[in-house]
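Okay, structure first, notes after.
We did not get these values from a lab; they are worked out from the coordinates using the rules stated. Just so we're clear, the structure is a prediction, and the values are computed from it rather than from any experiment. All Cβ positions, even for glycine, are placed from backbone atoms using ideal geometry, and neighbour counts span all protein chains on display.
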Amino acid sequence: MKELSKETQQKILQVAANILRMHGEVVGNRVCQDWSGEESDSPESLLTENELSDISYNYELVNSNGYDYDPGYHWMHDEMIASFAIAQAIESMIED
């Protein structure tokens with residue numbers, strides 16, 4: 001296999017982030033899909049409550065200008081928000 005430059009890898013990650021954002025928008029227009037994978041791989045199993053809350057807060061800043069944010073509830077079981085959070089993490093990796 002040919003080795004890809006760091007710049008090419010970053011472009012690929014940006015495309016992946018864009019795909020995830022499009023996915024999040026599409027699934028947001030239908031009944032949202034809850035996590036259906038292995039429980040041990042679920043966001044609730046991998047992330048702390050603080051991390052889940054921060055992710056939900058960031059999502060709601062974009063989705064509703066923060067209006068729908070509920071500090072006592074997170075939405076990472078929902079594939080729309082999971083897609084958003086993954087896209088945001090990828091974009092953060094690109095910036096680093």
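Footprinting exposure proxy ranking of Tyr73, Tyr59, fewest other C-beta atoms within 10 angstrom first, gives Tyr73, Tyr59. Annotation for the stretch 82-96 versus the stretch 49-71: alpha-carbon center distance of 15 Å.
Per-residue Cβ neighbour counts within 10 Å put Ile90, Ile12 in the sequence Ile12, Ile90, beginning with the fewest.
Taking the convex hull of the alpha carbon positions in the stretch 6-95 and averaging its projected area over all directions gives 6.4 nm².
By the count of other C-beta atoms within 10 Å, a proxy for reagent exposure, Met1, Met22, Met80 are ordered fewest to most as Met1, Met22, Met80. Rounded to the nearest 20 debye, the dipole magnitude of the chain is 560 debye, with +1 charges on Lys and Arg beta carbons, -1 on Asp and Glu beta carbons, and the Cα centre as origin. Rounded to the nearest 10 degrees, the angle from helix 6-28 to the longest Cα principal axis of the chain is 30 degrees. Computed on the chain, with alpha-carbon pairs under 8 angstrom and 6+ residues apart, the relative contact order is 42 percent.
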